[in-house]
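> Please see the structure below; I have some questions.
The values are calculated or read from the model by the stated rules, or taken from the named source; none is laboratory data. In this text the structure is predicted, and so the values were computed from the model without any measurement. Here the Cβ positions follow ideal geometry from the backbone for every residue, glycine too, while neighbour counts run over all protein chains shown. Just so you know, the surface numbers come from the protein's heavy atoms only, side chains and all, with ligands and any DNA or RNA stripped out. Shrake-Rupley method; radii C 1.70, N 1.55, O 1.52, S 1.80 Å.
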Amino acid sequence: MNVTSGWTVIGVACVAFAGLPAEGSEITEAEFLSRLTDEHPSIVALGDELARARGARRTARTENPDLAFEREAPQDVPAQSTVTLSWRPPLDGRRGLTNEAAEAGVAAAERRFEWERLRLREELRELFARWSFAVDRRDLFADLTERTRQLAARSRARASTGAESGLSAQRLSLAAAEARSALAGAETELVRVGAQLRAIFPELARETRPVRPSLPVASAEITADRPDVAARELDVQ
């Protein structure tokens, strides 16, 4: 699922949330996803259709009774207010059909709401994964850039004394420049992902680091009776 195109609803959720990680802390995927509560503006926005369907159901149930109010106040005559409540028996069955249609509309809206909420949660999981990858990539290239910078500096110093060829020093300098370029690209991607994060959680500190979830424990119950194992055995025969 494309995360960038899926932020139509999420992008409007620029509100502050209590309990967000403090500056310089870490946040797990579970903690990140727990921010998507029913009170989150993104979820509230998704509930518009459901609210309209429930309103239509309520209207269908109360459409028959008719409440009217009249007030007369002619000159030299005491004012008179009249409240009239009338109700027509549903003789032709149309009211029952209207109620059934309204109930079906609510059920369909509830299913669509649950589906959209699950889709939104998946988009957040994908964003968290992109965030984690962007942080690791930035850290990797930052370390690589520093190492190549130091190597290039030492190589230039040795070349100036004739202990090393100038070509070797130039190659290390070129590698250091390439590492700096890669680092700039990694930092740009991290800034892009961070902007999406703070569009959802504005008070999320820039120093907060994502904690990648651990890999599931591998199952030791691998026997030849499993279909996938049997298929692999046929491949090697």
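> Checking residue 140 against (1) of a type in the set (A, V, I, L, M); (2) open to solvent by 60 Å² or more (accessible area, probe 1.4 Å); (3) more than 34 Å from the chain's Cα centre (by Cα), which single condition isn't satisfied?
Only one criterion in (1) of a type in the set (A, V, I, L, M); (2) open to solvent by 60 Å² or more (accessible area, probe 1.4 Å); (3) more than 34 Å from the chain's Cα centre (by Cα) is unmet by residue 140, namely (3).
> Would you mind finding the one in 178, 164 that is outside any helix (DSSP H, G or I) and at pLDDT below 95?
164
> For residue 171, state whether it is in contact with an Asp or Glu (Cβ under 7 Å, 6 or more places away or on another chain), over 30 Å from residue 36 (Cβ atoms) and open to solvent by 40 Å² or more (accessible area, probe 1.4 Å). Spell out the reasoning first.
Details: in contact with an Asp or Glu (Cβ under 7 Å, 6 or more places away or on another chain): no; over 30 Å from residue 36 (Cβ atoms): yes; open to solvent by 40 Å² or more (accessible area, probe 1.4 Å): yes.
So residue 171 fails the test.
> Would you confirm whether or not the range 222-231 contains a residue that is modelled with pLDDT of 90 or more, out of contact with any strand residue (DSSP E or B) (no Cβ under 6 Å at 6 or more places or on another chain), among the polar types (S, T, N, Q) and open to solvent by less than 80 Å² (accessible area, probe 1.4 Å)?
There is no residue in the range 222-231 that is modelled with pLDDT of 90 or more, out of contact with any strand residue (DSSP E or B) (no Cβ under 6 Å at 6 or more places or on another chain), among the polar types (S, T, N, Q) and open to solvent by less than 80 Å² (accessible area, probe 1.4 Å).
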